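**Student:** Can you read through this structure? Questions will come right after.
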Ligand code: SF4
């Protein structure tokens, strides 16, 4: 064993935070915990002899136990020769998605009556995911009509975000009956933390509860909030995973880069130019701001699997980007607020 070489599986990505570290198993879609010190040694020992790994610990037994744990969990494997190490493809962290794609449209439903032509510019520009947000019961009927007239459109998936108090199961079934591409419903203000169920085998729809309301960003509340997969990991390494490729339309039809900001970039109508929005320096800056650029998040081991919705703001001195709201996780202590 000592003369074999250690190789970390490429889809087991080790992420170091300031005080903690994790292994993101991107194929099994799970997070594995180990001490930061142990993972630093593992990173240093990748492609080196097992004997080198053992020498990093106070005694050989500790090294043996850790290697067994890593082999049992398929985080590493062993190679007989140095040449063998070179025969495995490397993890690709390059981000392929074009930067001029507006993939998601998020619409706050209010007094503006949404007709098919208001969506056309966005569909023509390649937008394929539509999220409808509604806060008041007298606007719910607009959801019915939008789901109906976009049923045959190029939108691939639909989501609805709505206070739990103004919907019931019958309404959800009705919406799904109108448009079977409705994939996800967020029920907000339910007094429960995020959890999902998909009990109904006929409706291929997920319903998620969340404690926050429509006007608050969703901030992670526990490790169950994280999204562990290759695409998410790579995009989050380069971009703001929540805002990248998204446009928000307010209840008055104002086009924004976030629903949590006052500023708008035009009004949704036939004259609206999507490329002007996508190429606006402030939009580009937000989309290109990954968690590596943000105070506190850059020190967090969860930064490439975290779907945090907070809008980064310039700091007082303008040198950094910071968040107004605190996260529920403290990467310096490794503790969650709600635990
Ligand atoms: S500190 Fe940042 S990266 Fe870490 S859990 Fe909170 S929002 Fe996510």
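**Student:** Rounded to the nearest 500, what is the chain's calculated 222 nm mean residue ellipticity when only DSSP H runs of at least 4 contribute -39500 (n - 2.57) each, over all residues?
**Tutor:** Working: 10 runs with 82 residues, N = 339.
Here the helix-only value at 222 nm equals -6500 deg cm²/dmol.
**Student:** Moving on to the next point. Can you sort 64, 301, 282, 262 by how many other beta carbons sit within 10 Å, fewest first?
**Tutor:** The most exposed by this proxy come first: 262, 282, 64, 301.
**Student:** Which FRET efficiency value, to the nearest 0.05, is calculated for residue 101 and residue 140 with the Förster distance at 30 angstrom and r the Cβ-Cβ distance?
**Tutor:** 0.45
**Student:** Please give the residues of segment 277-297, grouped as numeric ranges, whose backbone N is less than 18 Å from a label point set 7 Å along the Cα-to-Cβ vector of residue 333.
**Tutor:** Of the residues in segment 277-297, 296-297 have backbone N under 18 Å from the label point off residue 333.
**Student:** For residue 285 and residue 170 in the same chain, what is the full-extension length gain: residue separation times 0.36 nm, less their Cα-Cα distance, in nm?
**Tutor:** 37.2 nm
**Student:** Could you list 299, 170 so that the one with the fewest beta carbons within 10 Å of its beta carbon is first and the one with the most is last?
**Tutor:** If I rank by nearby Cβ atoms, fewest first, I get 170, 299.
**Student:** Mean-square fluctuation check for the chain, GNM, Cα pairs under 10 Å: which of 184, 39, 85 is largest?
**Tutor:** It is 85.
**Student:** Right, next: Give me the compactness ratio for segment 5-85, meaning the Cα radius of gyration over 2.2 N^0.38 Å.
**Tutor:** The reported ratio for this selection is 1.04.
**Student:** Over the chain, what is the relative contact order in whole percent, taking alpha-carbon pairs under 8 Å and six or more residues apart? Spell out each step's value before the answer.
**Tutor:** Values: 610 pairs, mean separation 58.7, N = 339.
In percent, rounded to a whole number, it is 17.
**Student:** Between residue 324 and residue 51, how high is the FRET efficiency from 1/(1 + (r/R0)^6) when r is the Cβ-Cβ distance and R₀ = 56 Å? Nearest 0.05.
**Tutor:** 0.65
**Student:** So, one more: Once the Cβ-Cβ distance between residue 94 and residue 223 is put in as r, and R0 is 30 Å, what FRET efficiency do you end up with, to the nearest 0.05? Before the final figure, lay out the partial values.
**Tutor:** Numbers: r = 27 Å, r/R0 = 0.92.
Calculated value: 0.65.
**Student:** Now a separate question. Place a point 7 Å from Cα of residue 230 in the direction of its Cβ. Which residues in segment 74-92 have their backbone N less than 15 Å from it?
**Tutor:** What the label zone holds, given the 15 Å backbone N cut-off, is 88-92.
**Student:** At a 10 Å Cβ-Cβ cut-off, how would you order 137, 103, fewest neighbours first?
**Tutor:** 137, 103
**Student:** Next question. Can you pull the one-decimal nm distance between simple spin-label points at residue 262 and residue 148, each 7 Å off the Cα toward Cβ?
**Tutor:** Label-label distance for residue 262 and residue 148, simple model: 3.9 nm.
**Student:** In whole percent, what relative contact order does segment 202-288 give with Cα contacts below 8 Å and a gap of six or more residues?
**Tutor:** 22
**Student:** Whole angstrom only: what separates the Cα centroid of segment 1-76 from the Cα centroid of segment 280-336?
**Tutor:** If we compute the Cα centre of each part, the gap is 28 Å.
**Student:** Related question: Taking every alpha carbon pair in segment 40-97, what does the distance histogram look like in 10 angstrom bins from 0, in percent?
**Tutor:** P(r) over segment 40-97, rounded to whole percents: 20, 48, 23, 8, 1.
**Student:** How large is log10 I(q)/I(0) at q = 0.15, 0.16, 0.23 Å⁻¹ when the Debye formula is applied to the Cα atoms of segment 267-339, each weighted equally and without solvent?
**Tutor:** The computed values of log10 I(q)/I(0) come out as -0.63, -0.68, -1.08.
**Student:** Next up: Sort segment 22-150 into rounded, prolate or oblate with this rule: let a ≥ b ≥ c be the square roots of the eigenvalues of the Cα gyration tensor; rounded if a/c is under 1.5, and if a/c is not under 1.5, prolate when a/b is larger than b/c, oblate otherwise.
**Tutor:** The shape class here is prolate.
**Student:** Here is a follow-up. Checking a compactness column here: for segment 104-330, what do you get for Rg(Cα) / (2.2 N^0.38 Å), N being the number of residues?
**Tutor:** That ratio works out to 1.02.
**Student:** Please build a GNM for the chain, connecting alpha carbons under 10 Å apart, and tell me which residue among 18, 289, 62 fluctuates the most.
**Tutor:** Residue with maximal mean-square fluctuation among 18, 289, 62: 62.
**Student:** Moving on to the next point. Considering segment 230-317, what Rg and Dmax in Å follow from its alpha-carbon atoms?
**Tutor:** Rg then Dmax for segment 230-317, in Å: 14.0, 44.
Throughout, read-outs are computed from the coordinates displayed, never taken from laboratory work. Worth saying up front: this structure is predicted, and the values here are computed from it rather than measured. Heads up, the Cβs are rebuilt from the backbone with ideal geometry, glycines too, and the neighbour counts pull from every protein chain shown.
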